[in-house]
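Novice: Below is the structure I would like to discuss, written out as structure tokens.
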Amino acid sequence: MYNSSFPHDVYCYECWWGDDWNPMTSGIDYEFSKLFFEQFQSLFKKVPVISLFSGGRQMNSDYCNYTANNKDCYLCFGGKDDERVLYAKNASFCKESMDIFSGDKLELCYENIECEGSFKLIFSKQCVNCSDSMFLYDCRNCLNCFGCTNLRNKSYCIWNEQYKREEYLEKIREFNLDKFENLQKFKLKFEDFYEKSIHKYANLINTQNSSGDNLLNTRNCNNCFDIFGTGSENCKYTHYVVLGVKDSYDNYGMPTAERVYETIAIGFESNENADYYFSNFIKGSNRIFYSYNCISSHDLFACVGLKNKSYCILNKQYTKEEYGALVPKIIKHMNDMPYIDSKGRIYKYGEFFPPELSPFCYNETIAQEYFPLTKEEALKQGYKWKEKEERNYQIDIKTENILLDIKEVDDSIINKVIECEHQGTCNEQCTEAFKIIPDELKFYQRMNLPIPHLCPNCRHYNRLKQRNPLKLWHRHCMKEGCENEFETSYAPERPEIVYCEKCYQQEVY
Ligand SMILES: [Zn+2]
Ligand SMILES: [Zn+2]
Ligand SMILES: [Zn+2]
């Protein structure tokens, strides 16, 4: 995940976990004459970082980041326990699926956004327990449906109209869905149909006193987004939870933990881990402050790359008593002598790391996905910017020459360099060209799907565009005569019909 200009040592999984190095040898004494963040930064420069952050054992999944227990996966980011999943973002417990954005328990699924518990579901959004279906939005327990919205417990429906089984199958055959141009045509029709359907103000399932979007089993979670699992409680400003988090504010990406504040990618699968503050990439630990990439530890302050350690400050070992005496002095020092960045922003104890000390450029992080900035804006705000890489690929197959029917495609396509239709002209981290990997070709053949025309990054951004932003607006129900108000991620100027819970239930069930 670190680009080639990152000036620190980056170790592979085996070396980082190996015994041939000791992060404690980089330890430094805390000096009250220097700024806290400067001292952290000089330690950070000395300690090797792990190339990719994975939560549990990964098998044959070398190109996955922030994932755990993945097997035979490729280009998956976030999520856990996936098997043979390709090009996915925040997919967990999925099997043999491709091009997923936020998915849970999916199998043989393709191009789904925010779907759950589904089988052979394609080009669909916010569906639960649907199978053998295509182009569905907000459907539950549907089987053999095509181009439908807001349906419950239905089979053999096309554009929300009921057909008899034979008629349905005949219609689907006539659609010739294995042809690229037909799929494109239906995609456009579905977009229109989607817009005219009824939209609940937020995708909240089994929630109490919660606001945000895509919340499952939450209680007292406000301004939260993409929370799954068995029950999160008392959280605010939290984005992406896989299993369940309690009493936490201002976090991104975690399986389970309690009392967490201002962190990225922390936690573990047990409830015993708690109290993480202002930290990145920490696993299975307790009482961790301002630390980076530490595992199975407790009581760490400003440490990097430690495993099974306790009572350390800047990678130096202290006794429990010494640690207990020194930490309050450091906190006071951070407040008395705060870090001031190039834009004049002040960082005392209680603030996350200053962005100018980040190992990543703004446009390399998911910040760019949800809060996109131009290079000028990013630099003006004090963020680093990564320049576009020179690629100069030798294209073997131009976009217009990609065979449109998967039945005509043979194994020779593997290792061919295929041009991305966007040719690097979009602002989507387009790689200009892409390849088809063997598992991917098998998937397309088995599912009778055409070869895509866009590189994986452009496909990801296309799905991202179909998601609502991580932002809430206070709005009124659009049903005539209804006075209800709510917090919604549908901006007021959007075309969708947005209903309150009550009106939605009346129409949809
Ligand atoms: Zn592209
Ligand atoms: Zn693009
Ligand atoms: Zn209403």
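The values are calculated or read from the model by the stated rules, or taken from the named source; none is laboratory data. None of these values were measured; they are calculated from a predicted model. Quick reminder, even Gly has a Cβ in these numbers, built from the backbone with ideal geometry, and neighbours come from all protein chains shown.
Novice: Look at P23 and say whether it is within 30 Å of I340 (Cα to Cα) and touching a helix residue (DSSP H, G or I) at 6+ places or on another chain (Cβ under 8 Å).
Specialist: On the way: within 30 Å of I340 (Cα to Cα): yes; touching a helix residue (DSSP H, G or I) at 6+ places or on another chain (Cβ under 8 Å): no.
Criteria not met by P23.
Novice: Just one of (1) within 24 Å of R152 (Cβ to Cβ); (2) touching a residue at least 40 places away in the same chain (Cβ under 8 Å); (3) crowded, with 24+ Cβ neighbours inside 10 Å trips up S92, so point out which.
Specialist: Only one criterion in (1) within 24 Å of R152 (Cβ to Cβ); (2) touching a residue at least 40 places away in the same chain (Cβ under 8 Å); (3) crowded, with 24+ Cβ neighbours inside 10 Å is unmet by S92, namely (1).
Novice: Further question: When Q445 is evaluated against the numbered criteria (1) within 16 Å of ligand 1 (Cβ to nearest atom); (2) not in a loop (DSSP other than H, G, I, E, B); (3) not aliphatic (A, V, I, L, M), which criterion, by number, is the only one it fails?
Specialist: If we test Q445 against (1) within 16 Å of ligand 1 (Cβ to nearest atom); (2) not in a loop (DSSP other than H, G, I, E, B); (3) not aliphatic (A, V, I, L, M), just (1) comes out false.
Novice: Can I ask one more? Six or more apart or on different chains, Cβ atoms under 7 Å: show the pairs whose first residue is in segment 147-166 and assigned by TED's automatic domain parsing to the domain that holds D132 and among the aromatic types (F, W, Y) and whose second is surrounded by fewer than 17 Cβ atoms within 10 Å (Cβ to Cβ) and in a strand (DSSP E or B).
Specialist: Going by the 7 Å Cβ cut-off, the qualifying pairs are Y156/Q162.
Novice: Return yes or no: is G305 small (G, A, S) and crowded, with 19+ Cβ neighbours inside 10 Å? Please lay out each step first, then the result.
Specialist: Values: small (G, A, S): yes; crowded, with 19+ Cβ neighbours inside 10 Å: yes.
In short, yes.
Novice: Just give me the residues in segment 454-502 being within 12 Å of ligand 3 (Cβ to nearest atom), acidic (D, E) and not in a helix (DSSP H, G or I), in sequence order.
Specialist: E480, E483, E485
Novice: Also: Quick one: which of N69, N112, N144 is polar (S, T, N, Q) and modelled with pLDDT under 95? Lay out the reasoning, then the answer.
Specialist: Values: N112 fails: modelled with pLDDT under 95; N144 fails: modelled with pLDDT under 95.
Step by step, each of N69, N112, N144 is checked, and only N69 is polar (S, T, N, Q) and modelled with pLDDT under 95.
Novice: Here is a check on your reading of the model: is Y444 more than 16 Å from ligand 2 (Cβ to nearest atom) and modelled with pLDDT of 95 or more?
Specialist: Details: more than 16 Å from ligand 2 (Cβ to nearest atom): yes; modelled with pLDDT of 95 or more: yes.
For Y444, the condition - more than 16 Å from ligand 2 (Cβ to nearest atom) and modelled with pLDDT of 95 or more - is met.
Novice: Let me ask another. Which residues, counting only those in segment 277-318, are among the hydroxyl-bearing types (S, T, Y) and in contact with a Ser or Thr (Cβ under 9 Å, 6 or more places away or on another chain)? Before the answer, list the steps.
Specialist: Of all residues in segment 277-318, those among the hydroxyl-bearing types (S, T, Y) come to 277, 279, 285, 290-292, 296-297, 310-311, 318.
Correct list: Y277, S279, S285, Y290, S291, Y292, S296, S297, S310, Y311.
Novice: For segment 257-276: of the residues being out of contact with any Ser or Thr (no Cβ under 7 Å at 6 or more places or on another chain) and closer than 22 Å to K320 by Cα, which is modelled with the highest pLDDT?
Specialist: Top of the filtered list is D275.
Novice: Now, a different point. L404 - would you say it is among the aliphatic types (A, V, I, L, M) and over 19 Å from D178 (Cα atoms)?
Specialist: no
Novice: Could you check segment 479-493 and list, in sequence order, the residues that are of a type in the set (D, E, K, R) and surrounded by 12 or more Cβ atoms within 10 Å (Cβ to Cβ)? Don't jump to the end; show me each part of the working.
Specialist: Step one: of segment 479-493, the residues of a type in the set (D, E, K, R) are 479-480, 483, 485, 487, 493.
Of everything in segment 479-493, those that are of a type in the set (D, E, K, R) and surrounded by 12 or more Cβ atoms within 10 Å (Cβ to Cβ) turn out to be K479, E485, E487.
Novice: For G231, are the conditions met, namely being farther than 27 Å from P495 by Cα, under 27 Å from the mean Cα position of the chain (by Cα) and of a type outside the set (V, I, T)? Give the derivation first.
Specialist: Details: farther than 27 Å from P495 by Cα: yes; under 27 Å from the mean Cα position of the chain (by Cα): yes; of a type outside the set (V, I, T): yes.
Yes, satisfied.
Condition check ((1) within 16 Å of ligand 2 (Cβ to nearest atom); (2) in contact with a helix residue (DSSP H, G or I) (Cβ under 7 Å, 6 or more places away or on another chain); (3) closer than 21 Å to Q208 by Cβ; (4) aliphatic (A, V, I, L, M)) across all residues:
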{"residue": "C455", "(1), (2), (3), (4)": "yes, no, no, no"}
{"residue": "K465", "(1), (2), (3), (4)": "yes, no, no, no"}
{"residue": "P469", "(1), (2), (3), (4)": "no, yes, no, no"}
{"residue": "E480", "(1), (2), (3), (4)": "no, no, no, no"}
{"residue": "E483", "(1), (2), (3), (4)": "no, no, no, no"}
{"residue": "R494", "(1), (2), (3), (4)": "no, no, no, no"}
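Novice: State whether one or more residues within segment 400-410 are touching a helix residue (DSSP H, G or I) at 6+ places or on another chain (Cβ under 7 Å) and within 14 Å of ligand 1 (Cβ to nearest atom). Working first, answer last.
Specialist: Taking segment 400-410 first, the residues touching a helix residue (DSSP H, G or I) at 6+ places or on another chain (Cβ under 7 Å) are 404, 406.
Okay, now just the ones that are also within 14 Å of ligand 1 (Cβ to nearest atom), so none.
No, the conditions are met nowhere in segment 400-410.
Novice: Let me confirm something: among E496, E485, which residue is closer than 24 Å to D226 by Cβ and more than 27 Å from the chain's Cα centre (by Cα)?
Specialist: Values: E496 fails: more than 27 Å from the chain's Cα centre (by Cα).
Sole residue among the options that is closer than 24 Å to D226 by Cβ and more than 27 Å from the chain's Cα centre (by Cα): E485.
Novice: Further, regarding this structure: Would you call C426 among the hydrophobic types (A, V, I, L, M, F, W, C), more than 24 Å from Q445 (Cα to Cα) and within 14 Å of ligand 2 (Cβ to nearest atom)?
Specialist: Values: among the hydrophobic types (A, V, I, L, M, F, W, C): yes; more than 24 Å from Q445 (Cα to Cα): yes; within 14 Å of ligand 2 (Cβ to nearest atom): yes.
Yes, satisfied.
Conditions tested, residue by residue: (1) over 15 Å from the mean Cα position of the chain (by Cα); (2) of a type in the set (D, E).
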| residue | (1), (2) |
| --- | --- |
| K80 | no, no |
| E83 | yes, yes |
| Y87 | no, no |
| K95 | yes, no |
| C109 | yes, no |
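Novice: Residue check: is T431 under 30 Å from P355 (Cβ atoms), surrounded by fewer than 12 Cβ atoms within 10 Å (Cβ to Cβ) and within 13 Å of ligand 1 (Cβ to nearest atom)? Don't jump to the end; show me each part of the working.
Specialist: Details: under 30 Å from P355 (Cβ atoms): yes; surrounded by fewer than 12 Cβ atoms within 10 Å (Cβ to Cβ): no; within 13 Å of ligand 1 (Cβ to nearest atom): yes.
Against the criterion (under 30 Å from P355 (Cβ atoms), surrounded by fewer than 12 Cβ atoms within 10 Å (Cβ to Cβ) and within 13 Å of ligand 1 (Cβ to nearest atom)), T431 does not qualify.
Novice: List pairs: first residue in segment 448-473 and among the small types (G, A, S), second residue not in a helix (DSSP H, G or I) anywhere in the structure, Cβ distance under 9 angstrom, at least six positions apart or on different chains.
Specialist: That search, which allows pairs on different chains as well, returns nothing.
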